[in-house]
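First comes the structure, then the notes that go with it.
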Amino acid sequence: MDEYVLIMRHENATGQVSPEQMQAWMQQTMDWLGGIAAQGKLLETGNGLSFDDARVVGHGGVVTNGPFGEIKETIGGYVIVKADSVEEAVEFAKGSPVLQGPGNTLEVRKVAKHDFK
């Protein structure tokens, strides 16, 4: 069994969603995660990334402010699951309430394993 990360990408909805809508979405998300956990396949969850106090460090130590104005989406969080295949991880992703928003996506990637001994 391998580990896969499901990366939630969506547009910044701050100020566009009512508190009631946000509460309903959060409950749906908890139910979705609970379903994965009930199968013993939920390993970890993480919060999204803020636009505030962001920097990009490039080659040669060059530092620029970020994120940039042309970025329309944000990483809303991530989930790491155990799955027998990428297809199973994709099935977990298909159940995410994040997909209710137009243009929202979940990126599914296998976690690379390295032996640093």
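The values are calculated or read from the model by the stated rules, or taken from the named source; none is laboratory data. Remember, it's a predicted structure, so these values are computed and weren't measured experimentally. In this analysis, Cβ positions are derived from the backbone assuming ideal geometry, glycine residues included, and neighbour counts consider all displayed protein chains. Just so you know, the surface numbers come from the protein's heavy atoms only, side chains and all, with ligands and any DNA or RNA stripped out. Shrake-Rupley method; radii C 1.70, N 1.55, O 1.52, S 1.80 Å.
Can you tell me which residues in the range 5-24 are modelled with pLDDT under 80 and assigned to a loop (DSSP other than H, G, I, E, B)?
Across the range 5-24, the qualifying residues are ASN12, ALA13, THR14, GLY15, GLN16, VAL17.
With the range 25-115 as the region, which strands (runs of 3 or more DSSP E) entirely inside it contain at least 1 residues that are touching a helix residue (DSSP H, G or I) at 6+ places or on another chain (Cβ under 9 Å) and closer than 14 Å to ILE7 by Cα?
Values: elements: 42-47, 54-57, 63-66, 73-83, 105-110.
Hits in the range 25-115: 42-47, 73-83, 105-110.
Which of (1) at pLDDT below 90; (2) closer than 18 Å to HIS10 by Cβ; (3) open to solvent by less than 40 Å² (accessible area, probe 1.4 Å) is the odd one out, the single condition PRO67 does not satisfy?
Only one criterion is unmet by PRO67, namely (3).
Are any residues in the range 10-24 in contact with a helix residue (DSSP H, G or I) (Cβ under 8 Å, 6 or more places away or on another chain) and surrounded by 14 or more Cβ atoms within 10 Å (Cβ to Cβ), and if so, which ones?
Taking the range 10-24 first, the residues in contact with a helix residue (DSSP H, G or I) (Cβ under 8 Å, 6 or more places away or on another chain) are 10, 17.
Answer for the range 10-24, where residues must be in contact with a helix residue (DSSP H, G or I) (Cβ under 8 Å, 6 or more places away or on another chain) and surrounded by 14 or more Cβ atoms within 10 Å (Cβ to Cβ): just HIS10.
Given (1) at pLDDT below 80; (2) within 16 Å of GLY101 (Cβ to Cβ); (3) open to solvent by 70 Å² or more (accessible area, probe 1.4 Å), identify the lone condition not met by SER50.
Of (1) at pLDDT below 80; (2) within 16 Å of GLY101 (Cβ to Cβ); (3) open to solvent by 70 Å² or more (accessible area, probe 1.4 Å), only one is false for SER50: (2).
Taking GLY35 as meeting all but one of (1) in contact with a Gly (Cβ under 9 Å, 6 or more places away or on another chain); (2) open to solvent by 90 Å² or more (accessible area, probe 1.4 Å), write down the number of the exception.
Among (1) in contact with a Gly (Cβ under 9 Å, 6 or more places away or on another chain); (2) open to solvent by 90 Å² or more (accessible area, probe 1.4 Å), GLY35 violates only (2).
So which pairs qualify, if the first residue must be in the range 84-104 and farther than 15 Å from LEU33 by Cα, the second must be open to solvent by less than 20 Å² (accessible area, probe 1.4 Å), the Cβ gap must be under 7 Å, and the two must be at least 6 apart or on different chains?
Every condition considered, the pairs that remain are VAL86/TYR4; ASN104/VAL98.
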